1. In whole Å, how far is the Cα centre of region 72-108 from that of region 203-232?
2. Limiting things to C-alpha atoms, what are the Rg and the maximum Cα-Cα separation (Dmax) for region 292-430, in angstroms?
3. At 7 Å along the Cα-to-beta-carbon direction for both R135 and R33, put a label point, then send me their distance in nm to one decimal.
4. Once every Cα of the chain carries one equal point scatterer and solvent is ignored, give the base-10 log of I(q)/I(0) from the Debye formula at q = 0.06, 0.12 Å⁻¹, two decimals.
5. How would you order 188-198, 126-136 from highest to lowest mean count of nearby Cβ atoms within 10 Å?
6. Roughly what would the spin-label model give for H160 and D400, points 7 Å off Cα along C-beta, in nm?
7. Give me the extension gain from R313 to K297: residue separation times 0.36 nm, minus the current Cα-Cα distance, reported in nm with one decimal.
8. Using packing as a proxy for protection, rank 412-418, 218-224 so that the peptide with the highest average count of other Cβ atoms within 10 Å comes first.
Amino acid sequence: MKITVIGSGYVGLVTAACFSEVGLDVWCMDMDRAKIDALNAGKCPIYEPSLPELLERNASAGRLHFTTDLEVCLTDADVAFIAVGTPEGEDGSADVSYVCNAARSIGNLMKGDLVVVVKSTVPMGTCGKVEAILREELAARNADCRFDVVSNPEFLKEGHAVNDFMMPDRVIIGVENERARAVMSELYRPFMMTGDRILFMDRASSELTKYTANAMLATRISFMNDIANLCERVGASVDMVRRGIGMDQRIGPKFLYAGCGYGGSCFPKDVKALIATAARHGYDMQVLQAVEHVNAKQKTVLFEKISRHFEGRLKGRTIAVWGLAFKPGTDDMREAPSLVLIAALLEAGCTVRVFDPVAMERGQALLGDTVFFAPNMYAAAEGADALAVVTEWKEFRLPDWKKLRAGMKTPVLFDGRNVYLKETLRDAGFTGYRIG
Ligand SMILES: NC(=O)c1ccc[n+]([C@@H]2O[C@H](COP(=O)([O-])OP(=O)(O)OC[C@H]3O[C@@H](n4cnc5c(N)ncnc54)[C@H](O)[C@@H]3O)[C@@H](O)[C@H]2O)c1
């Protein structure tokens, strides 16, 4: 089977690499020539554990190809995945123009029968739109090709993407007929060796399942951040509350961690897109509006704590920031809480010194020379009035406290991810602030 993946970003590259790993002939396409050139030169354009090795192995074996030429990709292809971005539009709804453009190009260039799989996260009804575009393009050139449009949203987590794809909790597939269902079953069979976890449904339900999953996870985070803020006011510990409720099997322990807000390329835009879709259907998603509102406020909590500690006198202070990526395991900085904190610190007249184990290059592209990019975590804290920990990278978990304290002007630490125990900070000689 030959498959084509359109869009070689976080999702497209992982999809392509994993399908080639199980033996399929995979053509990975992107309109970004620099990205394709880098891939052909053996460079992985994103930080994602295990991905470079997978790309290298399968490209060398001749099963994985990178190109900007969609026509070549579609020649003899059986399946075409659309894995392009669906960024936030002006009114908060998902911008599906990249998906529609990809569909138009497919309709223009496809030569034989094809299953078109929408892997991008798209609002309900988008698969229908893709189908209409394909029909229109084929009719315009009198082409007689059979096609099916399938919804197959992706649930991988950046930082664990390869593992998630290889051993998915579930694969959601929205199909309209048996033919497409059979092709999708065959495609995902290699990933189901330990038991069938494919759930077939109609396309609208499949599209909505993806949004609902992200919205539910975002809700748990905002809910716990709300509880954390209350804990601070009533003298309770959010860590204890989290453990206490997490033992309830109806609740479970995951995604209950308080912090300085969620970011990334998915939760923020997907929550907004779901609110916007509902509004278009005349429905008010009140819970999600609160989730969104709590998160926006939570991203400012670290700055407020820093400002309170220094009694509002921030001008001329040096603040170190550990962690730029929106979470550990990735270099993705889309909607990262670090950006909100850094912008507020700069606005208040602080000098900011930053370090991230993998997101320095992306950070430089976004922040330019507004901050100092330190070569390591200790250098970032050198001469700082305070240190803020924004991303819970493993290497930040057990720092050499003596070395850290010796380098700083004053030992003050704002822990935005509750990495350190209160007692640890106190014993290390730090004035410590946590969330909740
Ligand atoms: N990043 C994640 O963790 C994640 C997880 C699950 C789902 N998703 C969803 O998957 C989709 C892709 O996300 P991503 O993070 O991989 O995006 P990305 O921005 O990393 O990559 C998208 C790629 O598509 C390319 N592209 C856009 N239009 C194109 C076209 N017409 N032809 C060829 N290439 C084109 C872009 O150049 C870019 O390289 C989004 O809908 C996102 O919501 C993302």
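Read-outs throughout are calculated quantities, based only on the coordinates presented, and are distinct from any laboratory measurement. All values derive from a computational prediction rather than experimental measurement. In this analysis, Cβ positions are derived from the backbone assuming ideal geometry, glycine residues included, and neighbour counts consider all displayed protein chains.
1. Result: 27 Å between the Cα centres.
2. According to the Cα coordinates of region 292-430, Rg and Dmax are 13.8, 40 Å.
3. So the label points at R135 and R33 sit 3.7 nm apart.
4. Those come out to -0.29, -1.04, one per q.
5. 126-136, 188-198
6. Once both label points are built, they end up 3.2 nm from each other.
7. 3.6 nm
8. The densest-packed peptide leads the list: 412-418, 218-224.
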